[in-house]
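In what follows, a structure is listed as structure tokens, so that the remarks can point back to it.
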Amino acid sequence: MRVSTNHENQADKSYRFIDENSAEGKKIENIIYKYQQYKKLTQKEVIEIIRNRGHKNFSRTIHKNLWRGLWKNAKNRNDNAKKYGELVVNNQWLWYEETWIPKVLELISQNI
């Protein structure tokens, strides 16, 4: 077992690495972990997609007001928005197409 802390009560999780050729290792089925990489969009690309879906008046201001309106303060915004995108530099966000576009469309339909 690998040790990454000095005391066992400091660890949040522990993992045990088993040799695949050992008797115990041969009993375990193959496990595959798949990391999901979302397609990242700039604000300009988000606006273009929403406009192409029939919301011709959608603008940067509307987009900014939508995501700012979801959470009351900047700390909550940055923490909660992580499932919709990632903060790259300063205030530059890259939005996930698979999660943010449906959320924007939902918010637009609620505001109309």
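No value in this document is a laboratory result; all are computed from the given coordinates. Please read these numbers as outputs of a predicted model, since none were measured by experiment. As a convention, Cβ positions derive from the backbone with ideal geometry for all residues, glycine included, and neighbour counts pool all protein chains shown.
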Q) When a footprinting reagent is the concern and you count Cβ atoms within 10 Å, what order do Arg77, Arg60 take, fewest first? A) Arg60, Arg77
Q.
Longer than 18 Å from Cα to Cα, which of Lys40/Lys82; Lys40/Lys103; Lys64/Lys103; Lys39/Lys72; Lys56/Lys82 are they? Say none if no pair is.
A. Lys39/Lys72; Lys56/Lys82
Q: Determine ³J(HN,Hα), in whole Hz, for all residues of region 92-97 in sequence, where each value follows from phi through the Karplus function 6.51 cos²θ - 1.76 cosθ + 1.60 and θ = phi - 60°; x replaces Gly and Pro.
A: 8, 9, 10, 9, 7, 4
